[in-house]
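The values are calculated or read from the model by the stated rules, or taken from the named source; none is laboratory data. In this text, all values refer to a predicted model and were calculated from it rather than measured experimentally. Note that we place each Cβ from the backbone using ideal geometry, even for glycine, and neighbour counts take in every protein chain shown. Accessible surface is based on the protein model in full, side chains and every heavy atom, while ligands, DNA and RNA are left aside. Shrake-Rupley method; radii C 1.70, N 1.55, O 1.52, S 1.80 Å.
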Amino acid sequence: MKSKTLAAWLAFLGGPLGLHRFYLHGLGDTLGWLLPIPTALGVYGLQRVRQFGVDDAASWVLVPILGFTFAACALTAIVYGLMDTARWNARFNPGGPPDAPAGRTRWATVFAVVGSLLIGTTVLMASIVYSFQRYFEYQVEEGRKISQ
C-alpha cells in the first residue's frame, strides 16, 4: 500500500530528484528519470552565478529552471496531500479498499502540504523575480549603449 503522507513528503523534499515518482510508479518511470535534468541545470546555473557573478546571461535562464522545478514538485506534494482518500486508493492502491489507511490524511500530511505551500511559493516568487530583474537590467544596459 502506497502512503499518501510519504508520497507528499517525498514530492516536497525529494521531488526534484524524482523520488516521489519512483515511489509511486516504480523505477521504470520516465518522468522520474527526467526530473533530475532540470535540477542539475539549475544547480549548474547557481555555480555560474558564483563563478561569473549575477551578470552571467546563461544563469538568468538556468537558475529559474531550478526554482520552477522545486515549485512544481511542491505543487505535486500539495495535490497528493489534498487528494481524497478514495481517489488516492483507487489511483495508487487499486487492489485495496477505498477507505484503506494508506490514503488517509494525517497531521504529517497536513504539515507536508503547509511546508510545500510555504517553501514552494517562496521559491516560485524568487525565481520569477530573479529572472525578470536580470532581464530588465540587461534591457537598461542595452538601452544605455544605444543612447550613447
| request: Output the qualifying pairs, or none if there are none: Cβ atoms under 6 angstrom, residues six or more apart or on different chains, first residue in segment 2-21 and farther than 16 Å from ALA102 by Cα, second residue crowded, with 24+ Cβ neighbours inside 10 Å and among the polar types (S, T, N, Q). | output: PHE12/SER116
| If LEU13 satisfies every condition in (1) open to solvent by 20 Å² or more (accessible area, probe 1.4 Å); (2) modelled with pLDDT under 95; (3) out of contact with any Pro (no Cβ under 9 Å at 6 or more places or on another chain) but one, which is the exception? | (2)
| message | If I filter segment 16-23 for residues that are touching a Lys or Arg at 6+ places or on another chain (Cβ under 8 Å) and under 20 Å from SER131 (Cβ atoms), do I get at least one hit? | response | no
| message | Condition first: in contact (Cβ under 8 Å) with a residue 60 or more places away in the chain and of a type in the set (Lys, Arg). Now tell me which residues in segment 86-105 satisfy that. | response | ARG104
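State which residue is modelled with the highest pLDDT when the search covers only segment 45-89 and only residues that are aromatic (Phe, Trp, Tyr) and surrounded by fewer than 21 Cβ atoms within 10 Å (Cβ to Cβ).
Among those that are aromatic (Phe, Trp, Tyr) and surrounded by fewer than 21 Cβ atoms within 10 Å (Cβ to Cβ), it is PHE68.
Kindly evaluate VAL140 against the criterion of being assigned to a helix (DSSP H, G or I) and within 17 Å of the chain's Cα centre (by Cα). If you could, list the steps in order and put the result at the bottom.
On the way: assigned to a helix (DSSP H, G or I): yes; within 17 Å of the chain's Cα centre (by Cα): no.
No; evaluated as a whole, the condition is false for this residue.
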| Across segment 96-118, what is the total count of residues that are aliphatic (A, V, I, L, M) and open to solvent by 80 Å² or more (accessible area, probe 1.4 Å)? | 3
| request: Quick one: ASP99 ticks every box in (1) assigned to a helix (DSSP H, G or I); (2) more than 17 Å from ALA126 (Cα to Cα) except a single one, so which number is it? | output: (1)
